[in-house]
Every structure is written in C-alpha cells, then in structure tokens.
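The values are calculated or read from the model by the stated rules, or taken from the named source; none is laboratory data. These numbers come from a predicted model, not from an experiment. FYI the Cβ positions are ideal-geometry reconstructions off the backbone, even for glycines, and counts take in every protein chain you see.
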Amino acid sequence: MSDILVIGAGGVGSVAVHKMAMNKDIFGHITLASRRVHKCQEIADSVSQRTGNSIDVAELDADNVSDTTQLIERVKPSLVVNLALPYQDLAIMDACLNVGVDYLDTANYEPRDEAKFEYHWQWAYQERFEKKGLMALLGSGFDPGVTNVFTAYIKKHLVSDMKTLDILDCNGGDHGQHFATNFNPEINIREVTAAARHWENGQWVETPALSTHHSYDFPEVGARNMYLMYHEELESLSKHFPELSRARFWMTFGDAYLKHLEVLQNVGLTSIEPIMYEGKEIVPLQFLKAVLPDPGDLGKTTKGKTCIGNIVSGKQNGKERSVYLYNVCDHEDCFAEVGSQAVSYTTGVPAMIGAAMMVEKKWHKAGVYNMEQFDPDPFMMMLNKHGLPWQYIDLDQPLGF
Ligand code: NDP
C-alpha cells in the first residue's frame with residue numbers, strides 16, 4: 001500500500017479521493033491539500049461517511065514551490081496526484097523533483113496569460129525525471145486519459161494499422177441551469193473559445209472556434225450536434241502514432257450553451273486580458289467564473305448520460321475495419337455513488353486508476369509519459385471494475401465527414 005498526496009479539492013479531486021478511499025488494498029494513507037482547507041474538509045467528511053475511512057487535509061497554495069515541497073516532505077507520499085488547475089502543473093512537478101517523488105495529473109500545463117495548452121513545457125522535464133529515477137504520468141483523466149488508452153487498445157487489439165482517429169465527447173446531461181460549465185469554468189471556456197485544430201497529413205489544420213459541426217447519434221444518448229475542437233491529447237497521439245493520417249476531436253454543445261457563450265464573448269466576459277475595475281485589476285473570465293454555478297454542485301440536479309469514445313478506421317489483418325470504442329456514464333448513478341456529476345466522475349476515476357497503475361508498478365518507467373505509451377490492458381481492466389465499463393462496436397464504414 002502506498003501513501004498518496006492529492007492536490008486540488010474540486011469536482012475531480014473529490015471523486016478521485018472517494019475512489020481511492022474505496023480501494024484501501026491499493027492506497028494507504030491519503031492526504032488532500034488545496035487552496036481552501038474547508039473544501040478539503042467537506043470532502044473528507046463525505047469520504048468518512050460513505051466509506052468509513054478517514055483522510056488527512058491540508059491548506060496549500062500549490063503555486064508556491066517551496067510550500068509544496070515542504071508539504072510533500074512532511075506527508076512522504078509515494079505519489080503526488082495533481083488535480084488542481086493546469087496553471088500549477090510545473091510548480092508541482094518542480095516540488096516532486098525537489099523531494100524525489102512520482103507525479104500524475106489530468107490536464108497539461110497552461111500559462112495563465114495565454115490560452116494555449118501544449119505539452120512542450122512538461123515534456124521538457126523528461127531528462128530531469130529520468131535522471132532522478134522518477135515518473136510523471138500526464139493527462140490521466142478521461143480526455144485526455146482514457147481516450148489515449150482507448151487508442152492504444154484499439155491499435156493493440158482491433159485495428160493494428162490505424163489511419164484515422166476521431167474522439168467524440170458527448171455530454172447528454174441536463175443540469176437545469178441556464179448556463180454552467182461541467183468542469184472548472186475558466187479552463188473550460190478557455191478551451192471552447194480557442195481556435196479548432198486537427199491533425200491531417202502531417203500538419204495541424206486550424207479553423208475558427210466552433211465553426212465545424214455535425215449531428216451524431218450517440219449510443220444511449222441520441223442525436224447531438226458535435227463541434228470540431230482542439231484538445232490536448234491530439235498532440236501526444238499524433239506524435240506517438242505517426243501512422244495516423246488524420247486525428248480530430250469533437251465535443252457536443254447544446255444551442256442554449258452556445259447562445260450564452262456567444263453573448264458572454266460579445267460583451268467581453270470571456271477575455272483573459274486584465275481590466276481595471278474600481279481601482280483593482282480583474283480578469284473578466286475569472287470574474288465570470290465567480291458568478292457561474294460551481295461545477296461541483298451540479299451533481300444534485302444533473303440527469304442524463306455522457307458518452308465518450310474513439311472511432312478508428314484502418315486495417316486489421318489486411319482488411320478495412322472501423323471500430324467505435326466508448327463508455328457511457330450516468331450522471332445520477334455517479335451522484336448516488338460519490339456525490340458528483342459524471343464529468344467529474346469520468347475524470348476522477350481514471351486519475352485513481354492511473355495512480356493505481358503507478359503505485360502498483362504496473363506502469364512504471366523513469367521519465368515523463370503520456371498514457372498511450374503504456375500497455376493499455378491493465379488500465380482497461382480497471383475501468384470495467386471501477387465504474388467506467390467500456391464496449392466497442394464495428395461500424396459499417398468510416399465516418400462520412
Ligand atoms: P475545480 O475548479 O473544481 O477544482 C480545482 C481545485 O484546485 C479547487 O479546489 C481549487 O481551489 C484548487 N486550486 C486551484 N488553484 C490552486 C492552488 N494554487 N493551490 C492549491 N489548490 C488550488 O476543477 P475540476 O475539479 O473540475 O478540475 C480539476 C482538473 O482536472 C483541472 O486541471 C481540469 O482541467 C482537469 N480536468 C481534466 C479532464 C480530463 O478528462 N482529462 C476533464 C475535466 C477536468 P479553490 O476551491 O480554492 O478554488
């Protein structure tokens with residue numbers, strides 16, 4: 001059993017900590033640290049009530065490398081699981097290097113003043129982790145995360161000669177609010193309003209944000225409009241599977257969400273450029289986050305299902321094949337189990353599984369890695385066992401668009 005330090009007491013952190021506490025054969029003592037300790041305490045109370053297990057809590061500003069280093073030295077975990085925000089990734093990796101402890105996260109580093117999420121900042125840590133014999137696992141959520149493992153699984157078992165990859169992220173849930181994001185609003189809106197980018201014939205093709213969409217009939221959800229977007233796993237997947245001639249990412253949005261987003265953009269509230277307000281500098285998007293519903297509270301009212309998966313076309317044993325590998329997750333079932341909606345659940349469970357892979361040394365190599373660089377089979381087995389069962393179907397033909 002290995003002791004764990006989780007940083008970040010938001011929607012995802014809550015699910016991951018509940019699931020770790022439910023698996024005491026894998027995880028030893030759990031410490032949850034975050035900027036506001038009362039958020040950690042609320043999660044600790046729920047963990048104790050639901051699982052009968054207790055966890056420790058701590059207050060931490062993870063932007064501060066020295067404070068994080070001191071906390072890691074005190075807790076002595078074998079792994080630090082970073083479920084705070086992408087802004088903290090590098091600071092937490094530095095602290096892990098200072099103490100000599102492994103690292104895991106669910107989202108790649110993004111500088112605060114530039115809505116640009118790319119792996120190069122974290123891949124640059126490869127040599128430092130390798131030299132110290134430490135491992136960093138990047139992007140162990142659902143997308144990125146499970147979608148990377150799905151791609152590796154498809155290549156290993158279903159379509160050995162992959163040509164095209166489409167990742168389809170559908171949230172068919174309804175939270176009953178006029179406008180809310182289903183994970184951190186600031187990160188979510190930065191992602192959705194960025195230009196779309198996909199990989200085609202060895203280069204990135206950029207199109208205006210939300211300008212390409214198609215309707216798709218999702219299993220157990222039904223027809224939804226999905227929009228072409230850039231998503232961070234495209235960068236590592238196109239690098240690690242150079243045989244892919246095209247890799248795209250799609251996400252569903254309802255008309256009401258898009259209408260609100262358009263208005264908020266038009267009035268300048270999604271901007272990350274600081275403005276002066278009553279003598280104080282504020283970032284409009286951060287102000288917007290403060291007035292939007294907390295994604296962690298949406299679980300109580302959200303009904304419906306998510307369906308996230310990969311469609312890959314190519315050849316298996318010399319014959320054309322297209323498969324669709326996906327998971328369907330029910331918002332209400334997640335809430336009943338851990339008190340969170342499915343978007344936090346589908347991210348927190350893979351974070352727990354990635355942590356299990358590392359502490360049980362099923363996946364363990366010195367250096368900085370993306371999920372698709374390891375054997376997908378043990379991870380896929382744990383998905384089935386821990387609340388995210390998957391299945392695949394053969395499609396008659398590749399996607400027609
Ligand atoms: P939340 O905003 O709900 O939670 C983030 C938590 O981190 C909050 O508790 C926040 O504290 C804390 N935090 C923020 N800054 C600091 C800091 N400097 N020091 C310590 N703690 C800090 O976000 P989510 O739980 O929705 O998302 C967590 C992460 O998961 C994000 O990086 C997100 O991008 C990623 N994600 C990944 C997905 C995937 O599939 N791969 C999908 C969804 C999310 P406070 O409460 O005080 O604000």
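Listed by first and then second residue, the pairs with beta-carbon distance under 6 Å, at least 6 apart or on different chains, first residue in the stretch 38-51 and more than 12 Å from residue 18 (Cβ to Cβ), second at pLDDT 95 or above and not polar (S, T, N, Q), are 39/9; 40/9; 40/32; 40/57; 41/57.
For the stretch 354-368, the count of residues that are under 20 Å from the mean Cα position of the chain (by Cα), under 18 Å from residue 51 (Cβ atoms) and not hydroxyl-bearing (Ser, Thr, Tyr) is nonzero.
So, in the stretch 33-57, of the ones that are near the ligand (Cβ under 10 Å from one of its atoms) and not in a helix (DSSP H, G or I), which residue ends up surrounded by the most Cβ atoms within 10 Å (Cβ to Cβ)? Per the criteria, the residue is 33. When only residues in the stretch 59-94 that are free of Cβ contacts under 8 Å to residues at least 40 places away in the same chain and in a loop (DSSP other than H, G, I, E, B) count, which is farthest from the ligand (Cβ to nearest atom)? Within the stretch 59-94, the match that is farthest from the ligand (Cβ to nearest atom) is 64. Give the stretch 224-237 a look and list any residue that's of a type in the set (S, T, N, Q) and surrounded by fewer than 21 Cβ atoms within 10 Å (Cβ to Cβ), or say none. Of everything in the stretch 224-237, just one residue is of a type in the set (S, T, N, Q) and surrounded by fewer than 21 Cβ atoms within 10 Å (Cβ to Cβ), namely 225. If the condition is being aliphatic (A, V, I, L, M) and more than 7 Å from the ligand (Cβ to nearest atom), then the stretch 5-32 contributes 5, 6, 15, 16, 17, 20, 21, 22, 26, 30, 32.
Name the single residue that is nearest to residue 264 (Cα to Cα) among those in the stretch 308-328 being within 14 Å of the ligand (Cβ to nearest atom) and not small (Gly, Ala, Ser). Don't jump to the end; show me each part of the working.
Here is the first cut: in the stretch 308-328, the residues within 14 Å of the ligand (Cβ to nearest atom) are 308-310, 327.
Now drop any that are not not small (Gly, Ala, Ser), which leaves 308, 310, 327.
Details: 308: 27, 310: 31, 327: 32 Å.
Filtering first and then ranking leaves 308.
Determine whether residue 288 is closer than 30 Å to residue 369 by Cβ, of a type in the set (A, V, I, L, M), within 16 Å of the ligand (Cβ to nearest atom) and assigned to a helix (DSSP H, G or I). It is false that residue 288 is closer than 30 Å to residue 369 by Cβ, of a type in the set (A, V, I, L, M), within 16 Å of the ligand (Cβ to nearest atom) and assigned to a helix (DSSP H, G or I). Each residue in the stretch 233-261 was checked for being in contact with a helix residue (DSSP H, G or I) (Cβ under 9 Å, 6 or more places away or on another chain), at pLDDT below 95 and in a loop (DSSP other than H, G, I, E, B), and 1 of them qualify.
Only residues that are touching a strand residue (DSSP E or B) at 6+ places or on another chain (Cβ under 9 Å), crowded, with 22+ Cβ neighbours inside 10 Å and of a type in the set (A, V, I, L, M) were counted across the stretch 166-195, and they come to 2. Against the test of being out of contact with any strand residue (DSSP E or B) (no Cβ under 9 Å at 6 or more places or on another chain), surrounded by fewer than 21 Cβ atoms within 10 Å (Cβ to Cβ) and either in the same structural domain as residue 291 (by TED's automatic domain parsing) or touching a residue at least 60 places away in the same chain (Cβ under 8 Å) (or both), the options 156, 163 yield a single qualifying residue, 156.
I'd like the residue in the stretch 133-152 that is within 19 Å of the chain's Cα centre (by Cα) and surrounded by fewer than 24 Cβ atoms within 10 Å (Cβ to Cβ) and, out of all such residues, is nearest to the ligand (Cβ to nearest atom).
152
Cβ-Cβ contacts under 6 Å between residues 6 or more apart (or on different chains), taken from a first residue in the stretch 314-340 that is under 30 Å from residue 162 (Cβ atoms) and buried (at least 16 other Cβ atoms within 10 Å of the Cβ) to a second residue that is at pLDDT below 95 and aromatic (Phe, Trp, Tyr), are absent. The residues listed here are 16, 62, 91, 33; of these, the one that is touching a Lys or Arg at 6+ places or on another chain (Cβ under 9 Å) and either of a type outside the set (S, T, N, Q) or more than 21 Å from residue 133 (Cα to Cα) (or both) is 62.
Condition check: within 26 Å of residue 388 (Cα to Cα), buried (at least 24 other Cβ atoms within 10 Å of the Cβ) and basic (Lys, Arg). Does residue 19 satisfy that? Here the answer is yes, as residue 19 does meet what is asked.
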